[in-house]
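Heads up: the structure comes next, in structure tokens.
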Amino acid sequence: MNTQNNETRQKPAALRPVRNAATLIVLRDGTHGLEVLMLRRAEKADDQNSGASVFPGGVIDAHDRSLHAQCSGLDDAAASARLAVPEGGLDYYAAAIRECFEEAGLLFATDKASPGRLVALDSMPAGQLSAMRHAAEQGTDALVAMCEAHGWQLAVDRLAYFTHWLTPPGMPRRFDTRFFLASMPDAQTVRPDGRETVEHLWLQPADAVSPARGLKLMNVTRRILEQLAQFSSVRELMDHARGLKHIPRVMPRLADGPGGRRPVNMEEPAYDEVGRVDPDGQGGGRYALETGLVMRLSPRIWRVTGPADAAGALPHSYFAGIEGGDCVLIDPSPVSPGHIAALRNAAPGRVRRIWSTLALPLEDAVREAWPEASVLQPAPGESLDLGGATLQVLNGAGGLQFLLAEDSTLFTGTATTAAGTADWIAPRHGFLRRHAVT
């Protein structure tokens with residue numbers, strides 16, 4: 001039997017600090033449509049993104065605030081309002097420009113002598129430009145001095161805020177990253193720094209995510225590229241980004257399954273359940289349900305996944321109660337020797353009741369497996385106290401529903417439920433899901 005019990009995993013490790021970061025997605029219009037700049041990171045043993053193709057970006061520097069005086073087109077109040085932070089929003093814009101200059105050799109800055117035009121770095125001697133980049137990599141103060149010496153200002157108004165991602169709990173390093181868009185400057189050339197980034201490519205977003213291309217992509221990079229692929233030109237994309245009113249934070253969650261551990265994105269069916277059983281990313285959540293899998297969803301709920309039905313769906317049975325005490329078995333079908341055996345092995349205590357959300361008659365095999373259990377269906381309005389686990393019986397659209405009061409969990413048998421009864425529903429054919437109470 002495949003057993004997964006999040007209650008028995010190790011105690012959660014200390015939560016890892018979250019570092020603020022900024023990334024700049026550089027765009028251009030290519031022959032066949034929108035293209036995006038991708039940089040390949042150098043191979044490093046201690047880098048979780050080693051060898052990955054990424055956008056230019058990095059961690060906010062403590063000195064990025066000193067670049068505020070060199071920024072034009074946006075002040076800190078406006079930047080903070082756009083990013084929905086109390087203050088320091090301009091730090092993210094400045095850091096995105098700084099990181100792009102360090103990693104890709106592109107500088108989004110204007111010359112006070114030529115307002116509105118980005119600096120033409122290609123006209124500078126190669127040695128001077130290389131020295132400037134090297135100095136900027138050593139510290140933000142060098143970029144401040146550079147701007148003052150040349151009369152440059154960072155063109156933060158050329159950046160459009162696009163999306164906001166937070167690294168899942170449980171990762172070795174976590175970043176709270178704001179992603180910006182900008183059009184490739186004229187008279188500048190992409191030059192990877194050779195240390196952090198070793199190669200660059202201009203690709204259409206759909207090409208970048210294609211398996212045929214073979215790029216190593218982080219989940220966040222892949223998802224953003226899929227978003228970019230919906231647009232045909234830089235102007236269309238920039239107009240879209242500037243028109244966004246609210247940009248929510250996106251945080252995937254780590255979970256296990258047949259293909260190993262991977263991030264589960266917010267729109268996936270497993271997302272809410274993973275957040276409930278494993279909020280800190282320590283292990284225990286699942287992104288796929290398999291026959292015979294036993295999951296302890298809370299101190300009072302166990303789920304046992306049954307064999308696939310004729311349509312290929314995996315039905316689930318549940319135990320509700322207290323470990324070592326009395327419990328109720330909910331929806332024991334489909335009846336097969338293997339599923340009955342799995343249920344008997346997974347039972348957390350004495351099975352005193354066997355209930356069905358679909359009001360189906362119980363088969364003889366179920367009665368024989370638990371001869372001491374009552375198989376009488378309860379009536380709506382009844383309540384069963386299991387000594388710390390209270391089940392309330394409700395009327396549902398297609399049968400009965402059972403509310404586990406202490407967990408605010410509703411066993412529905414289907415994916416629909418009456419409003420106002422619980423924060424969580426347990427569809428018979430899926431993961432625990434969030435239900436908005438009205």
For region 357-404, give me each residue that is in a strand (DSSP E or B) and surrounded by 14 or more Cβ atoms within 10 Å (Cβ to Cβ).
384, 390, 391, 392, 393, 394, 400, 401, 402, 403, 404
Among the residues of region 162-183, write down those that are hydroxyl-bearing (Ser, Thr, Tyr) and within 16 Å of residue 220 (Cα to Cα).
163, 167, 177
Is it the case that some residue within region 107-115 is farther than 20 Å from residue 135 by Cα and not small (Gly, Ala, Ser)?
yes
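Rundown of residues vs (1) free of Cβ contacts under 8 Å to residues at least 24 places away in the same chain; (2) among the hydrophobic types (A, V, I, L, M, F, W, C), yes/no style:
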position	(1), (2)
171	no, yes
196	no, no
203	no, yes
209	yes, yes
Conditions (1) touching a residue at least 12 places away in the same chain (Cβ under 8 Å); (2) under 30 Å from residue 239 (Cβ atoms); (3) in a strand (DSSP E or B) -> residue 116 fails only (1)
Within region 73-103, restricting attention to residues that are open to solvent by 30 Å² or more (accessible area, probe 1.4 Å), in a helix (DSSP H, G or I) and of a type outside the set (Gly, Ala, Ser), which residue is farthest from residue 160 (Cα to Cα)?
76
When region 324-352 is checked residue by residue, the ones that are open to solvent by 40 Å² or more (accessible area, probe 1.4 Å), within 26 Å of residue 396 (Cα to Cα) and in contact with a Cys (Cβ under 8 Å, 6 or more places away or on another chain) are 352
By residue number, the members of region 230-260 that are modelled with pLDDT of 95 or more, open to solvent by 70 Å² or more (accessible area, probe 1.4 Å) and either within 24 Å of residue 210 (Cβ to Cβ) or hydroxyl-bearing (Ser, Thr, Tyr) (or both) are 230, 232, 236, 240
How about region 125-213: which helices (runs of 4 or more DSSP H) wholly inside it have at least 3 residues that are open to solvent by 40 Å² or more (accessible area, probe 1.4 Å), out of contact with any Lys or Arg (no Cβ under 6 Å at 6 or more places or on another chain) and over 20 Å from residue 30 (Cα atoms)?
126-138, 140-150
Has region 142-159 got at least one residue that is under 25 Å from the mean Cα position of the chain (by Cα) and in contact (Cβ under 8 Å) with a residue 12 or more places away in the chain?
yes
Every listed condition ((1) modelled with pLDDT of 95 or more; (2) part of a loop (DSSP other than H, G, I, E, B); (3) open to solvent by less than 40 Å² (accessible area, probe 1.4 Å)) holds for residue 216 save (3)
Can you find a residue that is of a type in the set (D, E, K, R) and either under 19 Å from residue 430 (Cα atoms) or buried (at least 19 other Cβ atoms within 10 Å of the Cβ) (or both) anywhere in region 284-294?
yes
Please indicate, with yes or no, whether at least one residue in region 222-229 is open to solvent by less than 40 Å² (accessible area, probe 1.4 Å), in a loop (DSSP other than H, G, I, E, B) and in contact with a strand residue (DSSP E or B) (Cβ under 8 Å, 6 or more places away or on another chain).
no
Residues of region 35-79 classified as over 20 Å from residue 199 (Cα atoms) and touching a strand residue (DSSP E or B) at 6+ places or on another chain (Cβ under 8 Å), total:
7
Can you tell me which residues in region 142-160 are of a type outside the set (A, V, I, L, M, F, W, C) and touching a helix residue (DSSP H, G or I) at 6+ places or on another chain (Cβ under 6 Å)?
153
Do you know which of the residues in region 300-312 that are within 26 Å of residue 393 (Cα to Cα) and over 26 Å from the mean Cα position of the chain (by Cα) is modelled with the lowest pLDDT?
306
Inspect region 316-323 for any residue being at pLDDT below 90, open to solvent by 10 Å² or more (accessible area, probe 1.4 Å) and touching a Pro at 6+ places or on another chain (Cβ under 9 Å) and give the result as yes or no.
no
Suppose we filter 354, 340 for residues that are at pLDDT 90 or above, within 18 Å of residue 303 (Cβ to Cβ), part of a helix (DSSP H, G or I) and touching a helix residue (DSSP H, G or I) at 6+ places or on another chain (Cβ under 8 Å); which single one remains?
340
Looking at region 36-52, which of the residues that are open to solvent by 30 Å² or more (accessible area, probe 1.4 Å) and acidic (Asp, Glu) is farthest from residue 186 (Cα to Cα)?
46
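The values are calculated or read from the model by the stated rules, or taken from the named source; none is laboratory data. Everything numeric here is computed off the predicted structure, so don't read it as measured data. Note that each Cβ is placed from the backbone with ideal geometry, even for glycine, and that neighbours are counted across all protein chains shown. In case anyone asks, the SASA skips ligands and DNA or RNA and just uses the protein heavy atoms, side chains included. Shrake-Rupley method; radii C 1.70, N 1.55, O 1.52, S 1.80 Å.
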